[in-house]
Amino acid sequence: MPHSDRPPAPGPPPPPADDAKPIGPPSGILAIPSQWNSEQGLQQSLKQIGWDEKREDGNRLKGVQLIDAVRQSLHLPVKTFDTAAIYYHKFRVRFPSSDYNYEDVALAALFVACKAEDTIKKSREILCAAHGLRQPHDRKTPDDKMFEAPSRLIISLERHMLETIGFDFRVQYPQKLLIKMARKMYPRGDPASDGEGKEFLRVAYNMSIDMYKTFAPVKQTTFTMALAILELTARLLGTDPRRTQPFQDAASWHSSRACVLETILDLLDLYTRFQKGTKVGVRFDLQTFMDVKIELNNLLAAEKRERYAGWCDRCGPDAAAPAAPADARSATPGSATSPAANLPAKRKMPPAEGTQRFIFDADQARQEQAVVARYFHDEYEEHEMEVEEPIPEPEPPRNPGRGGMGNPSYRGPGPGEHGRMNHPRTGRQGHGGGGRRDRRGGGGGGGGAY
């Protein structure tokens, strides 16, 4: 083949650097889950859903107690209880009690926690255990038909629970760290302190269970919770301060003194308000908790610390929102633990366009939003222009040649037309201004014979 003297045709220009990689579909709605929250953020979220403090605090306590009781009935480890309690708190902070019964949410949280902690239990087994605790005289098996409808409700709440926590399965387990710290306080091989160490660990371990009846696990880290439990247990039991000396410096344990004091006061609020509903509250007198609480409040005032760490007065929660109306579905017969449960799991999602995606890296989410925003940003330019508009001429009158209301020459009815009326018998018309006429003739002025 003869060679051509023509140069090769130029190829397409290379794409710019920004468009070298395909952009792909829109990022949709990005949700960044958070492992912790602050007291101020919790109060703002609770006011948005119409939080009734007197009722909801009791429901929170009873929900965690139900999780603990079912967990012990099924012989599940304590880490499953920790996970379920945190999921339960996050769900109830986001949705009011009028939407879901607290018992259904507690059992659904335990069902999700069993999968997250690899201690899998079927929904029917959880429902059967809850039914056995409610009615010990009525023993049922998980295959009973009465658990069919509640099982569907728990499974439907599972997906809603996952979206609420943002697929973030990270939780805190303070029990393991607490045991290690207690062993450091009371080393093995010391027979003099063996009994004291067992009593200290027994109270501290039960206090770690009671802590999940508050919002402290949602706000604090594992080290903060363990340090708060050790200090409060030592104050209640009158332990020698030299044993807790290695744990006085909170900064060396990846925590702060303000967070530790906040956690201790949260526990004391629980013990003073719900003393009989806790494991440690029934072991001590109420006056003992009050004395410790007064002592810590004086310490806060002396050190000029806030009750809650990181509290901002300018960002304080707004005025309390109106309480959510009571719903009949919050009653016990409508719960998943009862065979009368026939309520569907409602899913109230905010109206939005696109797919909701959960991203754990906040920097990556910001980068994606910046890249996608270029293709959805509309730019407008404003220009001012002067335009002369002609003034329209007045329209001529309509129907100028016809009489009537539209004709200016129309003068209205004549003077004798107003009294014109139909005769009641003959239908003849007479004038209102004429005299009276009858069959015998004669009449008034202006009238002839009939």
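General observations
- Flag if ALA326 is open to solvent by 20 Å² or more (accessible area, probe 1.4 Å), part of a loop (DSSP other than H, G, I, E, B), closer than 24 Å to PHE215 by Cβ and modelled with pLDDT under 50: yes
- Some residue of region 252-262 being of a type in the set (Asp, Glu) and under 27 Å from LYS54 (Cβ atoms): yes
- Residues satisfying the stated conditions in region 359-393, i.e. modelled with pLDDT under 85, part of a loop (DSSP other than H, G, I, E, B) and either surrounded by 12 or more Cβ atoms within 10 Å (Cβ to Cβ) or hydrophobic (A, V, I, L, M, F, W, C) (or both): ILE359, PHE360, PHE376
- A count restricted to region 173-226 and to residues that are of a type in the set (D, E, K, R) and open to solvent by less than 50 Å² (accessible area, probe 1.4 Å) stands at 3.
The values are calculated or read from the model by the stated rules, or taken from the named source; none is laboratory data. Everything numeric in this text was worked out from a predicted model, so none of it was measured. Cβ sites come from the backbone with ideal geometry, for glycine too, and all protein chains shown count toward neighbours. Ligands, DNA and RNA are stripped out before the accessible areas are found, and what is left, the full protein with its side chains, is counted by its heavy atoms. Shrake-Rupley method; radii C 1.70, N 1.55, O 1.52, S 1.80 Å.
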